[in-house]
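The values are calculated or read from the model by the stated rules, or taken from the named source; none is laboratory data. These numbers were taken from a predicted model, which means no experiment stands behind them. All Cβ positions, glycine included, derive from the backbone under ideal geometry; neighbour counts span all protein chains shown. Remember, those area values only see protein heavy atoms, side chains included, never the ligands or the DNA or RNA. Shrake-Rupley method; radii C 1.70, N 1.55, O 1.52, S 1.80 Å.
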Amino acid sequence: VVLTNTTPVSSYRGAGRPDIAYVVERLVSQAAAELKIDAAELRQRNFIPPEAFPYKTPTGSTYEYADLPGLLDKALKLADWKGFAKRRALSERKGRLRGLGISTVIENTGAGQAPKDAVELELDAHGTVVVYTVSKAQGHSHETTLAMIVADALGIPLDNVEVRQCAPGKQHLIGGHTGGSRTTVGAGSVCHLAALKLIEQGRALAALELGVEPSQVEYAKGVFRSSESRRTIRLGDLAKKGSVSVLAEGKFGSTFPNGCHIVEVDIDPETGSTDIASYSTVDDCGRVINHMVVEGQLHGGIVQGAGQILGEQIAYDPDTGQTLTASFMDYYMPRAGLLRGIHAEERATPSKVSPLGVKGMGESGCTASLPALANAVMDALRPIGVEHLDMPMTPARIWNAVRAARKGGRN
Amino acid sequence: MYATNYVKAKSLAEAAKLLASNPEAKVMAGGMTLVPTLKQRLAKPSHLVDIGALAELRGIAAKGGSVVIGAAMKHHEVATSAVVKKAIPALSYLASLIGDPQVRNLGTIGGSVANNDPAADYPAAVLGLGATVVTNKRQIAADDYFQGLFATALEEGEIITRIEFPVPKRAAYAKFPHPASGYAMTGVFVAQTADGIRVAVTGAGPGVFRWKAAEKALGKSPRAAALDGVALNAGDMNEDIHATREYRANLVRVMAKRAVAKL
């Protein structure tokens, strides 16, 4: 194609993960249905056992560790998997079709093409630490997460740390861009190292001030002290004659977050509309820096996946090439009311890839929600004879499938 | 948006005069349809004559078996009016389903009825209840007012001042919202009036219409089951990327049955 008027295709949250997870997880659930085996049990039987980690995959990645059976077990309880038959019967009585969908996914995060991640810290006389990073948030809350990492390592209040991303004059900093769920693994870990480096550098400066050896200086909560001296030196004191800068860098490899998402849908066969009745997740993204940020990422990803499954598409007029979904009058955008609640729990197994023990998780939500939702819709429709549906599973498409199945024909 | 002249009318008479002397002028109230149209340069009016705040077009009152709603009353005001809730709860429910909170706090009933979008909610209530559209020149019965896709009986420069809804014995509205826009993919208003049952359908066809075969069937038996098998021509429905004619025809029947069940 030399010229086109269609929308350019580029990477989108998850890029490469949701698409693969979608195919694999739909196939596994289809296999379970055809083998008449419980969809969770088929997964459990085929999990890599915990003792097989670190596990080298045929394609060359090495999974560090994952407790897949433990994660699944927790998710099944959270979603009351065993109580589904009762809930399905209740829906049936109301003339509705209830479906139960599951996905168990593991994905490659972190790493990246940049040769290293560099972070600069700048300490001023007020004791404020400015963190300069290359990784730039687009709603990812780097301002909170990276600041917490630095504040935690330095033992100072969060208010004393300020994150500046892609700041002018800091072009010498090298690092991975935001993407691939890598900022906390890469830039975040270097923030931690930079803070430790600031303490070490400060220890030497404080030792000079106190007239003792650096090894005789202790640091805690923003204050250097020594048993050899009555004086103490605050972090900010080090910058009295000018700000103190520390540059740290590091390169960290892939981390493999994993999760189990279980979703129930309730379909109105008369209109084809799908109601998401419940959504439960258990995720292992390693050590969590900020639970609210992690949940926010998860929620956004899950709803993004729900949009793709239930409605989003770009349509063109086949005769004229005109975009038919050029505004939100025609382009389906998932809204807040689509998903009324998410029961999200964690089952963390810390990673040893980086000093923080974190795993990337910005794309976990959509990676797992796409197949889980599609599997739930299929589970609802399979008993009446629907064999296959592609996304987007719009009300009109579901109604057509229901009608075709009830007529006895294939869809 | 093209340059235009915004005029806030001080009276209905002044608004009418402005429209008469400027053939390219457009009347505006909430602007919920007109402003997006202007932004996309799909209209180039010489003047925007704002009648949204005119006292003559405001107010909701119960009057001798009718509920009279001023043309400039906003959807939110109709949805929350104690008078409407008491006399025609189905109408306040319908108003509560229009657009989103921003739209409901700006858009007006007169604007919606004048625009006659084929997927708007209000036309279903106006036609379903057999309301009267009152303008600065005359009174128009709902059955004569709606004339298909964005077409009405309004003449150039004619301004809706109020709508008079006869209070029905019972009425109900059932809507299947368009998944993207929230407009009615299909909305059915069913009213049991002194003259019999009326069934008005919006969203499904090129304009709001009465499903007369359903009215006849419900006249014999006002139950949802009476609509099974009642003639409805899918060929009369709209078809687009969102829904086939058959799907829309199905929604008409399903929503009609649900409205009847709510009566």
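So what's the back-of-envelope 222 nm ellipticity for chain A, counting only DSSP H runs of four-plus at -39500 (n - 2.57) apiece and dividing by all residues, rounded to 500? Taking each H run of at least 4 residues, the total per residue is -10500 deg cm²/dmol. Over all other residues within a Cβ to Cβ distance under 10 Å of B:VAL199, the charged ones net out to +3, with Lys and Arg as +1 and Asp and Glu as -1. Between the helical axis of B:245-262 and the longest alpha-carbon principal axis of chain B there is an angle of about 80 degrees. When the helices of chain B are scored as -39500 (n - 2.57) per DSSP H run of n ≥ 4 and the total is divided over every residue, the value at 222 nm lands at -8500 deg cm²/dmol.
Amide H to amide H distances under 5 Å link A:GLU345 with A:THR281, A:VAL282, A:ASP283, where only residues 5 or more positions off or on other chains count and H is placed in the peptide plane.
May I ask for the longest run of chain B untouched by GluC sites (Glu not before Pro) that are loop-located per DSSP and have at most 16 neighbouring C-beta atoms (other than their own) within 10 Å?
With a cap of 16 other Cβ atoms within 10 Å, the longest stretch comes to B:25-154.
Note on exposure: B:TYR6, A:TYR332, B:TYR93, A:TYR316 ranked by accessible area (1.4 Å probe, complete protein assembly) read B:TYR6, B:TYR93, A:TYR316, A:TYR332, with the most exposed listed first. Taken about its Cα centre, segment A:21-94 carries a charge dipole of about 520 debye when Lys and Arg each add +1 at the Cβ and Asp and Glu each add -1 at the Cβ. Using a probe of 1.4 angstrom and keeping all protein chains present, the accessible surface of the protein assembly as shown works out to 46 square angstrom per residue. Distance between the C-alpha centres of segment A:297-323 and segment A:206-249: 55 Å, rounded to the whole angstrom. Axis angle, to the nearest 10 degrees, between helix A:189-210 and the longest C-alpha principal axis of chain A: 10 degrees.
When the C-alpha to C-alpha distance is required to be over 30 Å, the pairs from B:LYS74/B:LYS262; A:LYS74/A:LYS116; A:LYS82/B:LYS262 that qualify are A:LYS74/A:LYS116; A:LYS82/B:LYS262. When you filter the trypsin sites (Lys or Arg not before Pro) in segment A:1-47 for DSSP loop state and at most 11 other Cβ atoms inside 10 Å of their Cβ, you are left with A:LYS36. Karplus-derived 3J(HN,Hα) values for segment B:109-119, using 6.51 cos²θ - 1.76 cosθ + 1.60 with θ = phi - 60°, are 5, x, x, 5, 6, 5, 6, 6, 4, x, 10 Hz; glycine and proline are entered as x. Each of A:CYS191, A:ALA206, A:GLY222 was scored by the projection of its Cα onto the charge dipole of segment A:176-222, and the greatest displacement toward the positive side belongs to A:CYS191; charges sit on the C-beta of Lys, Arg, Asp and Glu.
Mean partner shielding of peptide A:325-336, defined as the number of other chain Cβ atoms within 10 Å of each residue Cβ, is 3.
Dipole magnitude for chain A: computed about the Cα centre from +1 point charges on Lys and Arg Cβ and -1 point charges on Asp and Glu Cβ, it is near 560 debye. Roughly how tilted is helix A:68-78, in degrees to the nearest 10 and between 0 and 90, from the longest Cα axis of chain A? Its long axis makes an angle of about 70 degrees. Sorted from longest to shortest, the spans of the Cα atoms of segment B:1-94 along the three principal axes equal 45, 29, 15 Å.
Determine one quarter of the surface area of the Cα convex hull of segment A:1-53, which equals its mean projected area, and express it in nm² to one decimal.
Over every viewing direction, the Cα hull of segment A:1-53 projects on average to 6.7 nm².
Taking all protein chains as shown and a probe of 1.4 angstrom, B:ASP143 keeps an accessible surface of around 80 Å². Each of A:TYR22, A:THR59, A:PRO350 was placed along the dipole of the protein assembly as shown (beta-carbon charges, centred on the mean Cα), and the one lying farthest toward the positive end is A:TYR22. Each residue of segment A:8-20 is assigned a 3J(HN,Hα), and the resulting list reads x, 9, 9, 5, 9, 2, x, 3, x, 8, x, 5, 6 Hz, derived from the Karplus form 6.51 cos²θ - 1.76 cosθ + 1.60 (θ = phi - 60°), x at Gly and Pro.
The A-B contact accounts for approximately 1400 Å² of buried accessible area, totalled over both chains at a 1.4 Å probe radius. What is the sum of charges, Lys and Arg at +1 and Asp and Glu at -1, for the other residues whose Cβ falls under 11 Å from the Cβ of B:ALA131? Every neighbour counted, the sum reads 0.
Net charge in the neighbourhood of B:ALA43 (other residues with Cβ under 12 Å of its Cβ; Lys, Arg +1, Asp, Glu -1) is +3.
Placing +1 on each Lys and Arg Cβ and -1 on each Asp and Glu Cβ, with no other charges, gives segment B:1-159 a dipole about its Cα centre of roughly 400 debye. For B:HIS47, the residues 5 or more places off, or on other chains, whose built amide H falls under 5 Å of its own are B:ASN5, B:ALA25, B:LYS26.
Annotation for segment B:115-202: trypsin sites (Lys or Arg not before Pro) lying in DSSP loop with at most 15 further Cβ atoms inside 10 Å of their Cβ are B:LYS137, B:ARG138, B:LYS169.
Between the residues A:ALA147, A:GLY127, A:TRP81, the greatest Cα displacement towards the positive end of the dipole of segment A:66-173, with unit charges on the Cβ of Lys, Arg, Asp and Glu, is found for A:TRP81.
For trypsin sites (Lys or Arg not before Pro), the sites in segment A:338-376 that DSSP calls loop and that have at most 15 other Cβ atoms within 10 Å are A:ARG340, A:LYS352.
Counting heavy atoms of the protein chains alone, A:GLU213 has an accessible area of about 110 Å² for a 1.4 Å probe. Computed in the context of the full set of protein chains, the accessible area of segment A:1-158 at 1.4 Å probe radius has 57% of its extent on carbon or sulfur. Residue-wise HN-Hα couplings along segment A:115-131, as the Karplus relation 6.51 cos²θ - 1.76 cosθ + 1.60 with θ = phi - 60° gives them from phi, are x, 6, 10, 10, 9, 10, 10, 10, 9, 10, 5, 7, x, 7, 10, 9, 9 Hz; Gly and Pro carry x.
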